[in-house]
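Encoded as structure tokens, the structure appears first; notes follow it.
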Amino acid sequence: MLDRRTHPTPTPQSVPLVRIDGLNKWFGALQVLKDIDLTLRPGARVVVCGPSGSGKSTLIRCINGLEPFQKGTIELAGRRLGKSDRDAAIARRLTGMVFQSFNLFPHLTVLANCTLALRRVLSKSAREAEEIAMRHLTAVHIAEKARAYPAELSGGQQQRAAIARALCLDPRIMLFDEPTSALDPEMIKEVLDVMIALAKTGVTMVCVTHEMGFAREVADEIVFMDQGRIVEHASSSGFFSGAAHPRARLFLDTIL
Ligand code: ADP
Ligand code: MG
């Protein structure tokens, strides 16, 4: 059973899944998001890139209700996020988040990491929660590690487990914040392959990443941020075929 208080009924394709208007955010005196407008349709696959400190993490943390903001509006699936705890709960219910540093609970097995929210948030039975978790762990090729603790896993395995954990709650939007940047090079591909497979399921994805090979293959839209602003929001083909803003171009040249 879905929790009806925090899980709205499916949204028609015509309603944007994410609609951000005039978003501004400050940390104290420092303005980190400036007049952000961003609308994402269901099924969009968006890569967000830009220099360190440009506000990428803050933007996706606002989308999933982890960060308060001072000005502007965010709507998820047609529901406007206010400042209440309940709104934050709605945002977290609609979004799955994968962090650079995995953020698995170290004292819980991989399986228990996955079943925790299923039991607490969705009140699933132990058996049902395990069935759902094992399905997602199998999909990210890590079912054999279900009974292991995070410290017993490689970084790539931990990140795949974190993706499975996020998928267990059946989010409408998957948010990734530099999911491969803490990984050794040989493990990056196994995580990107899981993300590519996920993209094919049609889930809406917003990925902060500098993996431009992934961006080319998977993204249909690229958002480039600089100093708290979206300076370019283009189709992936447009962005890579040289239509990029000069600042984006410069950035691409430094990382490619
Ligand atoms: P990015 O993810 O693009 O590297 P961030 O969103 O992490 O950028 O940070 C944007 C700006 O906000 C940076 O100047 C950063 O130092 C600042 N910042 C981020 N988090 C905090 C915080 N909790 N308190 C104060 N400043 C912060
Ligand atoms: Mg960041």
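Please treat every number below as a calculation from the coordinates, not as lab data. Because the structure is a prediction, the values reported are computed rather than measured. Every residue, glycine as well, gets a Cβ built from its backbone with ideal geometry; the counts of neighbours run over all protein chains shown.
Could you put H107, H210 in order, starting from the residue whose Cβ has the fewest other Cβ atoms within 10 Å?
Working: H107 10, H210 20.
Ordered from fewest to most neighbouring Cβ atoms within 10 Å, H107, H210 come out as H107, H210.
Which three numbers, in whole Å and largest first, are the semi-axes of the equivalent ellipsoid of region 3-124 derived from its Cα gyration tensor as √(5λ)? Present the calculation step by step, with values, prior to reporting the outcome.
Values: eigenvalues 126, 78, 41 Å².
That gives 25, 20, 14 Å for the three semi-axes.
Could you let me know the centre-to-centre spacing of region 124-143 and region 29-47, using Cα atoms, in angstrom?
Taking the Cα centre of region 29-47 as reference, the centre of region 124-143 is 32 Å away.
Using the Karplus curve 6.51 cos²θ - 1.76 cosθ + 1.60 with θ = phi - 60°, work out ³J(HN,Hα) for each residue of region 141-148 in order, rounded to whole Hz, and write x for Gly and Pro.
6, 9, 4, 6, 9, 4, 8, 8
Hey, can you grab everything whose amide H is under 5 Å from the amide H of V48? Only 5+ residues off in sequence or another chain; H modelled, so Pro and N-termini drop out.
Hits under the 5 Å cutoff: C207, V208, T209, V223.
Summing +1 for each Lys or Arg and -1 for each Asp or Glu, what net charge is found among the other residues whose Cβ lies under 12 Å from the Cβ of M134? Spell out each step's value before the answer.
Working: positive: R127, R135, K145, R147; negative: E128, E130, E131, E144.
Charge balance near M134 sits at 0.
With a sphere of radius 14 Å drawn around the Cβ of N103, what net charge do the other residues whose Cβ falls strictly inside it have (Lys, Arg +1; Asp, Glu -1)? Display every interim value, and only then the final one.
On the way: positive: R61, R92, R160, R165; negative: D177, E178.
Local net charge: +2.
Can you work out ³J(HN,Hα) from phi for every residue in region 15-28, in order, using Karplus 6.51 cos²θ - 1.76 cosθ + 1.60 and θ = phi - 60°, giving whole Hz and x for Gly and Pro?
Karplus values, whole Hz, x for Gly and Pro: 8, x, 6, 10, 9, 10, 10, x, 6, 10, 9, 10, 9, x.
Looking at region 140-197, which trypsin sites (Lys or Arg not before Pro) are in a loop (DSSP not H, G, I, E or B) and have at most 14 other Cβ atoms within 10 Å? Don't skip to the answer; put the middle values down first.
On the way: sites: K145, R147, R160, R165, R172, K189; in loops: R147, R172.
Sparse-neighbourhood loop trypsin sites (Lys or Arg not before Pro): R147.
How many Å³ per residue does the convex hull of the Cα positions in region 16-84 occupy?
Measuring per residue, one finds 83 Å³ for the Cα hull of region 16-84.
In region 127-189, how does Rg compare with the Kirkwood Rh, expressed as the Rg/Rh ratio over alpha carbon atoms? Each step should come with its number before you reach the end.
On the way: Rg = 12.0 Å, Rh = 12.3 Å.
Dividing the radius of gyration by the Kirkwood radius yields 0.97.
Under the 0.36 nm per residue contour assumption, what length would be gained going from the current alpha-carbon distance of L116 and R80 to full extension? Before the final figure, lay out each step's value.
Values: separation 36, 0.36 × 36 = 12.96 nm, distance 2.75 nm.
Gain on extension, L116 to R80, equals 10.2 nm.
Please give the net charge around R41, taking every other residue with its beta carbon less than 15 angstrom from that of R41, where Lys and Arg add +1 and Asp and Glu add -1. Walk me through the intermediate numbers first.
Working: positive: R19, R45, R172; negative: D37, E75, D220, E221.
Net charge around R41: -1.
Report the antiparallel proportion of the DSSP beta bridges in region 16-255 as a percent, rounded to a multiple of 5.
Working: 20 of 37 bridges.
Percent antiparallel among DSSP bridges in region 16-255 is about 55.
State the percent of C-alpha pairs, over all pairs in the chain, separated by a distance greater than 24 angstrom. Could you put the intermediate results ahead of the total?
Values: 15419 of 32640 pairs.
Here the tail beyond 24 Å accounts for 47 percent of pairs.
Give me F27, F105 sorted ascending by neighbouring Cβ count inside 10 Å, so fewest comes first. Working shown, then result.
Working: F27 10, F105 13.
By the 10 Å Cβ count, ascending, the order reads F27, F105.
What does the helix-only formula give at 222 nm for the chain: each DSSP H stretch with n ≥ 4 adding -39500 (n - 2.57), the total divided by the residues, and the result rounded to the nearest 500 deg cm²/dmol?
Roughly -10500 deg cm²/dmol at 222 nm, from the helical runs in the chain.
When V223, V203, V15, V110 are ordered from fewest to most other Cβ atoms inside 10 Å of their Cβ, what list results? Intermediate values should be presented prior to the final figure.
Details: V223 24, V203 17, V15 14, V110 29.
Least to most surrounded, the residues fall as V15, V203, V223, V110.
Would you kindly derive the ³J(HN,Hα) couplings of region 47-55 from the backbone phi angles with the Karplus curve 6.51 cos²θ - 1.76 cosθ + 1.60 (θ = phi - 60°), listing them in order in whole Hz, with x for Gly and Pro?
Working through the residues one at a time gives 9, 10, 9, x, x, 4, x, 7, x Hz.
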